[in-house]
Amino acid sequence: MTTTDPLRRTWNLFDTAGLLIVVLGTGYLLLGDVAGGRVRFPEVQRKIEPDGRHSVNVNRAALHEAFLRAGLPDPPELNGADPVPVEILVHQARAWARDRDAASVGRLGQVYQALEEHEAALGCFAAATGLDPDEVRWQYGLGVECQALHLDERAHEALLRVSRLIPEYPTTWIRLGALALDANDLDAARGFYEEYCRREDDLSPGYVGLGRVALARGDTVRAEEHFREATRRSPNDFLAHRFLGRALAVNGKPDRARNELSLAERLPQYSGWLTFDPWLAESHEIANTQRYLTNRMRLASGAGDYDAFVTLGEALLTRRPNDYGTLGNLAAVYRELGRLDEAQARVDAALALKPDNSAVLCVRAEIAFTRQDYAAALRALDAAAAIDPSSPKVFELRGRTLFLQGRTADALAAVRTSIELDPANTATRALLAAMQESIKAGIEARRAGGPR
């Protein structure tokens, strides 16, 4: 078999020259003219930047020559990038140059995919599929990369094939649904989203998709029902709450719409398919990207696995030590774990980088609250309120702190303000009720001659 065979077989697989022309257009020919053992890749060196992070330092010309001789596309500019995935990319390129098999070029495609080098990833998956047409993972990679490159017809062909080969993999169905929705094929989109719901009934994407189909049909009542179902399935899915807010607004429910939209903005934000696509997550895991670590942190937080969150967060900090967001999140988790000295160190480092961040100031207040240093907690909350005077969190924490200081009237007023700012927060309402019950019990105890 010659090195051009994988692409010839890809041509036949798709029963058209269309995809092959796209692949050839990227310059990815898999035509290395030197035996793998004679291709010399330069070592990836690391340098430490002024902010403490490590970055890539590699001989660009030597790397270009090695990729060319191995039949690989010219790599992107790598100097200054995170060295971890770059080292893995070069390792996989060496594996392809040595073995010339489907697994090595497929894994190289996964690394390119995680780095969002979509054209190179497409070429790798095309070659891997040609070498091993029975491996559904490479066919799925083809579909995903075609979708990323807006080659929608090719994406549909590849993903539809995957859905027949392995119908139990759920994400294929919502990808097909998204393609059909973009093409305004609403009947097909609804069918694909329903297939996803049959396989992943406890997650939100299928119901969000069905809601979007209903909106496209002008059926806003049905859309609201689907979006509400999505929020029940995944209460922390900001996108489901955002769409529900839009549907409520269209349906003449402005107050409830504002509540949903406000909640959507407070929830963890995600982008792209990574959250709902285990195979895409596998690509990021293979490449060990920073996005993989942050996604794992989000999942660990949602599961309440604080030990895993700390491990992932500290690993991320070694790669971007001045990430005040990660520092602040770690501080909050260390506080939950009772590791207050570590929490204090992280929150101080975060505020040294960004002293005007209201959310991190709230974490500082919570640490002081846990230490029973209520004066320090109130100072942090005053600073947070000066930055964000409409923050429900600031007033909720102020209420807790004032209550423990015995300033019950001020505490109740602060919690009521928090509720006015965020009426949908049932936890704050429960806090107000608990405070009122405690005050009532104290009054009754005094009347009965109990402790004063």
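Can you tell me how many residues in region 20-45 are in a loop (DSSP other than H, G, I, E, B), at pLDDT below 90 and either among the aliphatic types (A, V, I, L, M) or in contact with a strand residue (DSSP E or B) (Cβ under 6 Å, 6 or more places away or on another chain) (or both)?
Residues in region 20-45 being in a loop (DSSP other than H, G, I, E, B), at pLDDT below 90 and either among the aliphatic types (A, V, I, L, M) or in contact with a strand residue (DSSP E or B) (Cβ under 6 Å, 6 or more places away or on another chain) (or both): 6 in total.
Among the listed residues 265, 336, 260, 314, identify the single one that is of a type in the set (Asp, Glu), more than 30 Å from residue 108 (Cα to Cα) and open to solvent by less than 60 Å² (accessible area, probe 1.4 Å). Outline the logic, then answer.
On the way: 265 fails: open to solvent by less than 60 Å² (accessible area, probe 1.4 Å); 336 fails: open to solvent by less than 60 Å² (accessible area, probe 1.4 Å); 314 fails: more than 30 Å from residue 108 (Cα to Cα).
Residue meeting the stated conditions: 260.
In this structure, is residue 358 exposed (fewer than 15 other Cβ atoms within 10 Å of the Cβ), within 23 Å of residue 429 (Cα to Cα), under 30 Å from the mean Cα position of the chain (by Cα) and not hydrophobic (A, V, I, L, M, F, W, C)? I'd like the intermediate steps shown before the answer.
On the way: exposed (fewer than 15 other Cβ atoms within 10 Å of the Cβ): no; within 23 Å of residue 429 (Cα to Cα): yes; under 30 Å from the mean Cα position of the chain (by Cα): yes; not hydrophobic (A, V, I, L, M, F, W, C): yes.
Considered against the rule, which asks whether it is exposed (fewer than 15 other Cβ atoms within 10 Å of the Cβ), within 23 Å of residue 429 (Cα to Cα), under 30 Å from the mean Cα position of the chain (by Cα) and not hydrophobic (A, V, I, L, M, F, W, C), residue 358 comes out as no.
Can you confirm whether region 226-245 contains a residue that is over 26 Å from the mean Cα position of the chain (by Cα) and either in contact (Cβ under 8 Å) with a residue 12 or more places away in the chain or open to solvent by less than 20 Å² (accessible area, probe 1.4 Å) (or both)? Talk me through it step by step, then tell me what you get.
Taking region 226-245 first, the residues over 26 Å from the mean Cα position of the chain (by Cα) are none.
Checked against the condition, which is being over 26 Å from the mean Cα position of the chain (by Cα) and either in contact (Cβ under 8 Å) with a residue 12 or more places away in the chain or open to solvent by less than 20 Å² (accessible area, probe 1.4 Å) (or both), region 226-245 yields no hits at all.
Since residue 286 meets every condition but one in (1) of a type in the set (A, V, I, L, M, F, W, C); (2) under 23 Å from residue 56 (Cβ atoms); (3) touching a Lys or Arg at 6+ places or on another chain (Cβ under 8 Å); (4) open to solvent by less than 30 Å² (accessible area, probe 1.4 Å), which condition does it not meet?
For residue 286, the failing item is (4).
Given the structure, is residue 175 assigned to a helix (DSSP H, G or I), over 24 Å from the mean Cα position of the chain (by Cα) and not aromatic (Phe, Trp, Tyr)? First the steps, then the outcome.
Details: assigned to a helix (DSSP H, G or I): yes; over 24 Å from the mean Cα position of the chain (by Cα): no; not aromatic (Phe, Trp, Tyr): yes.
No; evaluated as a whole, the condition is false for this residue.
I'd like the full set of residues that are of a type in the set (D, E, K, R) and assigned to a helix (DSSP H, G or I), limited to region 273-285. Reasoning before the result, please.
Step one: list which residues in region 273-285 are of a type in the set (D, E, K, R), which gives 277, 282, 285.
The answer is 282, 285.
Looking only at region 364-401, which residues are of a type in the set (Ser, Thr, Tyr) and open to solvent by 20 Å² or more (accessible area, probe 1.4 Å)? Steps first, answer last, please.
Residues of region 364-401 that are of a type in the set (Ser, Thr, Tyr), as a first pass: 370, 374, 390-391, 401.
Those that are of a type in the set (Ser, Thr, Tyr) and open to solvent by 20 Å² or more (accessible area, probe 1.4 Å): 370, 374, 390.
Suppose we filter region 417-438 for residues that are surrounded by 15 or more Cβ atoms within 10 Å (Cβ to Cβ) and assigned to a helix (DSSP H, G or I); how many remain?
Residues of region 417-438 surrounded by 15 or more Cβ atoms within 10 Å (Cβ to Cβ): 417-419, 421-425, 428-429, 431-432, 435.
Add one more test, that the residue is assigned to a helix (DSSP H, G or I), and what stays is 417-419, 421, 428-429, 431-432, 435.
The number of residues fulfilling the criteria is 9.
Which one of these does residue 167 not meet: (1) open to solvent by 10 Å² or more (accessible area, probe 1.4 Å); (2) without any contact (Cβ under 8 Å) to a residue 60 or more places away in the chain; (3) outside any loop (DSSP other than H, G, I, E, B); (4) not acidic (Asp, Glu)?
Of everything listed in (1) open to solvent by 10 Å² or more (accessible area, probe 1.4 Å); (2) without any contact (Cβ under 8 Å) to a residue 60 or more places away in the chain; (3) outside any loop (DSSP other than H, G, I, E, B); (4) not acidic (Asp, Glu), residue 167 misses just condition (3).
Taking the stated definitions as given, is residue 244 of a type in the set (A, V, I, L, M) and farther than 30 Å from residue 290 by Cβ? Before you say what the answer is, go through the steps one by one.
Numbers: of a type in the set (A, V, I, L, M): yes; farther than 30 Å from residue 290 by Cβ: yes.
It is true that residue 244 is of a type in the set (A, V, I, L, M) and farther than 30 Å from residue 290 by Cβ.
Sort out which residues of region 46-69 are part of a helix (DSSP H, G or I) and either open to solvent by 40 Å² or more (accessible area, probe 1.4 Å) or acidic (Asp, Glu) (or both), and write them in order of number.
Taking region 46-69 and keeping what is part of a helix (DSSP H, G or I), we get 60-69.
Residues satisfying the conditions are 60, 61, 64, 65, 68, 69.
So if I check each of 349, 343, 308, which one is at pLDDT 95 or above, in contact with a Lys or Arg (Cβ under 9 Å, 6 or more places away or on another chain) and surrounded by fewer than 20 Cβ atoms within 10 Å (Cβ to Cβ)? Explain how you work it out, then say what you get.
Working: 349 fails: in contact with a Lys or Arg (Cβ under 9 Å, 6 or more places away or on another chain); 343 fails: surrounded by fewer than 20 Cβ atoms within 10 Å (Cβ to Cβ).
Just a single option satisfies the conditions, and that option is 308.
Quickly run through region 172-191 and pick out the residues that are within 24 Å of residue 125 (Cα to Cα) and either buried (at least 22 other Cβ atoms within 10 Å of the Cβ) or touching a Leu at 6+ places or on another chain (Cβ under 7 Å) (or both).
Answer for region 172-191, where residues must be within 24 Å of residue 125 (Cα to Cα) and either buried (at least 22 other Cβ atoms within 10 Å of the Cβ) or touching a Leu at 6+ places or on another chain (Cβ under 7 Å) (or both): 172, 173, 174, 175, 176, 177, 179, 180.
Residue by residue through region 113-158, note down the ones that are of a type outside the set (Asp, Glu) and either farther than 25 Å from residue 173 by Cβ or touching a strand residue (DSSP E or B) at 6+ places or on another chain (Cβ under 7 Å) (or both). Talk me through it step by step, then tell me what you get.
Within region 113-158, the first condition is being of a type outside the set (Asp, Glu), and the residues that meet it are 113-115, 118, 120-131, 133, 136-144, 146-151, 154-156, 158.
Scanning region 113-158 gives 115, 120, 123, 127, 130, 131.
Could you tell me whether residue 272 is out of contact with any Phe, Trp or Tyr (no Cβ under 7 Å at 6 or more places or on another chain), open to solvent by less than 70 Å² (accessible area, probe 1.4 Å) and more than 30 Å from residue 136 (Cβ to Cβ)?
Considered against the rule, which asks whether it is out of contact with any Phe, Trp or Tyr (no Cβ under 7 Å at 6 or more places or on another chain), open to solvent by less than 70 Å² (accessible area, probe 1.4 Å) and more than 30 Å from residue 136 (Cβ to Cβ), residue 272 comes out as no.
Counting only residues that are out of contact with any Cys (no Cβ under 6 Å at 6 or more places or on another chain) and small (Gly, Ala, Ser), which one in region 192-225 is surrounded by the fewest Cβ atoms within 10 Å (Cβ to Cβ)?
Taking region 192-225 as the starting set, the residues that turn out to be out of contact with any Cys (no Cβ under 6 Å at 6 or more places or on another chain) are 192-205, 207-225.
Imposing the further condition that a residue be small (Gly, Ala, Ser) reduces the set to 204, 209, 211, 214, 216, 218, 223.
Numbers: 204: 26, 209: 25, 211: 28, 214: 21, 216: 14, 218: 9, 223: 25.
Per the criteria, the residue is 218.
Quick check on this structure: which one of 335, 346, 298 is under 30 Å from residue 175 (Cα atoms) and assigned to a helix (DSSP H, G or I)?
Working: 335 fails: under 30 Å from residue 175 (Cα atoms); 346 fails: under 30 Å from residue 175 (Cα atoms).
Checking each option against the conditions leaves just 298.
The values are calculated or read from the model by the stated rules, or taken from the named source; none is laboratory data. Remember, predicted model here, so these are calculated numbers, not experimental data. Counting neighbours? That spans all protein chains shown, and the Cβs are built from the backbone with ideal geometry, glycine included. With ligands, DNA and RNA removed, areas are computed over all heavy atoms of the protein, side chains included. Shrake-Rupley method; radii C 1.70, N 1.55, O 1.52, S 1.80 Å.
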